[in-house]
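The values are calculated or read from the model by the stated rules, or taken from the named source; none is laboratory data. Remember, it's a predicted structure, so these values are computed and weren't measured experimentally. Backbone-built Cβ (ideal geometry, glycine too); neighbour counts: all protein chains shown. The area values use the complete protein model at the heavy-atom level, side chains included, leaving out ligands, DNA and RNA. Shrake-Rupley method; radii C 1.70, N 1.55, O 1.52, S 1.80 Å.
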Amino acid sequence: MTISAGGNAGAQASSAMHHRALKVRSFGGHLVSILVTLFGLLVLTFVIGRMMPADPVRAIVGEDATPDTYRMMYERLGLDRPIWEQFFRYLGDVLTGNFGVAIRTGQPVINDILHVMPATIEMATFAIVIGACLGIPLGVLAAVNKDKWVDHVVRVFSLMGHSMPIFWTGMIGLLVFYAALGWVGGSGRMSGFYIGMIRGPTGFLLIDSLIAGEWDIFYSALNHLILPASLLGYSSSAYITRMTRSFMLDQLNQEYITTARVKGLSQRDTIWKHAFINIRVQLVTIVALSYGGLLEGAVLIETVFAWPGFGQYLTNNLLIGDMNAVMTCVLIVGLIFIGLNVLSDVLYRVFDPRTR
Amino acid sequence: MTQTAMTTKTAPGGLAFMMPVFNIIRFLLRSPTSAFSLVIIGALILLAILAPLLATHDPYLQDLTNVLQPPNGAHIFGTDELGRDIYSRLIYGTRITLTIIGLVTITVGPIGLAVGTAAGYVGGMFDTVLMRITDIFLSFPSLILSLAFVAALGPSLNNAIIAIALTSWPPIARLARAETLTFRSSDYIAAARLQGASPVRIIVHSIVPMCLPSVMIRLTLNMATVILTAAGLGFLGLGAQPPMPEWGAMIATGRRYMLDSWWLVAFPGVAILLVSLAFNLLGDGLRDALDPKQMNRR
């Protein structure tokens, strides 16, 4: 009896250990796959940046450089070395944080990006809050009213957001809300009058102006932010709405919901306190992934709104053919995407009891 | 009797093959949103074919005495900064849009199917390597990666198409692989293998047809994304180059005159929105028609 009990306990302990080992192994496998993806990312940016027809030397020395100057720059960039040696050099540069100098600004690319990033993060954060506040309730509403007219209206509304060319909606928005109605500020992050008056610690205008107690600037920044962020948020709400609806339907079809209804729970409590509670974790991961998707819209909307952020930096460098700066931007986007994927995975593991 | 039954079943030949298509269309027409999408897409195709008949002006013809005219009787959507008729340019623009969608879809579909089904069926290292590659492509928003490719290749419509195709096969491959994995160990595949069918034959004859419905849905939804990406590239000056009547490029040039001449920007944008929305709605409708698994989830 004791032996069997002991055996049982031993079996339990070993099963727990086995479980932990599995978890470690799955985490290890995860880490390896992330590293492989990161390496592939570098290969891809290297290949696009170096092996395509655009001439990096020409872009730096200009069209009418002497052959000698051209030769010098060619060798300085290491383009006379074998391709694998160039790749390892690139790898070393990236790992030591050396991304080269941007032609347009003469500054290290990474400094430039760090400088413009807050503007984009500020807009994207605002946008994702709007997107989630719009998408999640709409998704729940559509799921609860499945196949009724509300569902169809929500579906078309959210597909509209997904189908509109955001650069065009941005222009129409400026025409209507800025030029015609005067409700919001125009392009840029704040009125020209205030530019340069705030040199804050964070680079986020809303926060910096609050710290400095400059209410005028805060108001101006908010006024300029609200339109592009709303449009970006609307376009990202399509995916959030669709996923929320689909997750909710999964829950609403389950038996515990029927039980809750049978025992007389109100419709509101059934939906929000039972079904919705169970999709929170999935929603967090969806919102995290959408946040990365906003970078795509940011490239276009920043061009329309002359927003001095990451997207505008990327397009400006594209147009002058500074491949080094462009590929660094692309690499950063890839890193952010992978980072968000890992984050959503971690959130899932931490918050979902089934994965424990 | 059997003979007649056989002949009625096989006699129409090509028509019998078309029956599922008719059934799907009939199913789609029952839902107002899918019917709307079919109308828009049908109109798009008709406009592209009949462009020379429907256009009222030469889309490239400049008329500097008639610039920036608001919509009127002679020019129903007005004229642009070079006096070109915007309505005619929009009509000819349908050809560019359809070319982009068509070329991207016929490259991306087969490549995605081939990679996905092969990876799923063969498995092992082969699968791991292919899926790692798709993962790398999937770690970028498609517009950003297209931007990078176009920047490297040089801005032009052809390069934009290549760039979009390069970036849109991975989701198809992922999907085809996932579908393949669900069929791989089923009995009919085992039976085909026992009969001595080669892996290629099994993939082509037994697996690809099973993946087609979901791949078709995905391709349709992808068309909406392709339109937006192409228009975005055109808008940034990296896609179709002026004076081509590409809708995104038209918006880009119209942007300078936007405050006084809204029609330069408004009409091309509406065109992009309508077509993209139509493909999204069609994809949604096709999901209901082709994919019974999704029925209760959707």
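Long-range amide H contacts for A:VAL101: which residues qualify at under 5 Å (H placed 1.01 Å from N, peptide plane, sequence gap of 5 or more or a different chain)?
Those lying under 5 Å, H to H, from A:VAL101 are A:VAL109.
Can you give the local net charge around B:LEU61? Use residues other than it whose beta-carbon is closer than 9 angstrom to its beta-carbon, Lys and Arg +1, Asp and Glu -1.
-2
Between the helical axis of B:208-235 and the dominant principal axis of chain B, each derived from Cα atoms, what acute angle in degrees is found, rounded to the nearest 10?
Tilt relative to chain B: about 20 degrees.
Out of B:THR225, B:THR167, B:THR107, any idea which swings most in a Gaussian network model of chain B, alpha carbons joined below 10 Å?
Per the Cα network of chain B with a 10 Å cutoff, B:THR107 tops the list.
What is the magnitude of the charge dipole of chain A about its Cα centre, with +1 placed on the Cβ of each Lys and Arg, -1 on the Cβ of each Asp and Glu, and no other charges, expressed in debye to the nearest 20?
It comes to approximately 1560 debye.
What is the average number of partner chain Cβ atoms found within 10 Å of a Cβ in B:239-251?
1
Hey, can you list the residues from the range B:135-180 whose accessible area shrinks by 30 Å² or more with all protein chains present, relative to the chain by itself (probe 1.4 Å, no ligands or nucleic acids)?
Those are B:ILE136, B:SER139, B:PHE140, B:PRO141, B:LEU143, B:ILE144, B:LEU147, B:ALA148, B:PHE149, B:ALA151, B:ALA152, B:LEU153, which lose 30 Å² or more relative to the chain on its own.
Starting with the highest mean, order A:73-79, A:330-336 by the number of other Cβ atoms within 10 Å, averaged over the residues of each peptide.
A:330-336, A:73-79
Calculate the dipole size of the range A:33-181 relative to its Cα centre from +1 charges on Lys and Arg beta carbons and -1 charges on Asp and Glu beta carbons; express the result in debye to the nearest 20.
In debye, rounded to 20, the range A:33-181 gives about 420.
Testing the spin-label approximation: label points 7 Å from Cα along Cα→Cβ at A:LEU335 and A:GLU255. State their distance in nm.
5.1
Note the angle between two axes, namely the Cα long axis of helix A:215-252 and the longest principal axis of the Cα atoms of chain A, as a number of degrees from 0 to 90, rounded to the nearest 10.
Between the helix axis and the principal axis of chain A, the angle is about 40 degrees.
At 1.4 Å probe size, with every protein chain present, just tell me what the per residue accessible area of chain A comes to in Å².
Accessible area per residue: 51 Å².
Run the numbers on the range A:240-260: which residues show a drop of 40 Å² or more in accessible area, chain on its own versus all protein chains together, using a 1.4 Å probe over heavy atoms?
Buried by 40 Å² or more upon assembly, which counts only protein chains, are A:ARG242.
Rounded, prolate or oblate: pick one for chain A, where a ≥ b ≥ c are the square roots of the eigenvalues of its C-alpha gyration tensor, a/c under 1.5 means rounded, and failing that, prolate if a/b is larger than b/c, else oblate.
oblate
Filter the trypsin sites (Lys or Arg not before Pro) in the range A:244-312 down to the DSSP loop ones having no more than 12 other Cβ atoms within 10 Å, then list what survives.
Filter output for the range A:244-312: A:LYS263.
Choose one answer from A:LEU227, A:LEU300, A:LEU31: the residue with the largest mean-square fluctuation in a GNM of chain A with alpha-carbon springs under 10 Å.
With Cα springs under 10 Å in chain A, the top fluctuation among A:LEU227, A:LEU300, A:LEU31 is at A:LEU31.
Where a ≥ b ≥ c are the square roots of the eigenvalues of the C-alpha gyration tensor, would you call the range B:134-282 rounded, which needs a/c under 1.5, or, failing that, prolate if a/b is larger than b/c, or oblate?
prolate
Please compute the average number of Cβ atoms from other chains found within 10 Å of each residue's Cβ in peptide A:36-43.
4
Quick check for the protein assembly as shown: number of Lys pairs with alpha-carbon distance under 22 Å, counting only pairs 8 or more apart or on different chains?
Lysine pair count for the protein assembly as shown: 4.
Taking a probe of 1.4 Å and counting only protein heavy atoms, give the total accessible area buried between chains B and A in Å², rounded to the nearest 100.
About 4400 Å² of accessible surface is lost on pairing.
Is the shape of the protein assembly as shown best called rounded, prolate or oblate, per the rule: a/c under 1.5 gives rounded, else a/b larger than b/c gives prolate, else oblate, with a ≥ b ≥ c the square roots of the Cα gyration tensor eigenvalues?
rounded
So, with a 1.4 angstrom probe, what is the percent of accessible area on the protein assembly as shown that is carbon and sulfur?
67
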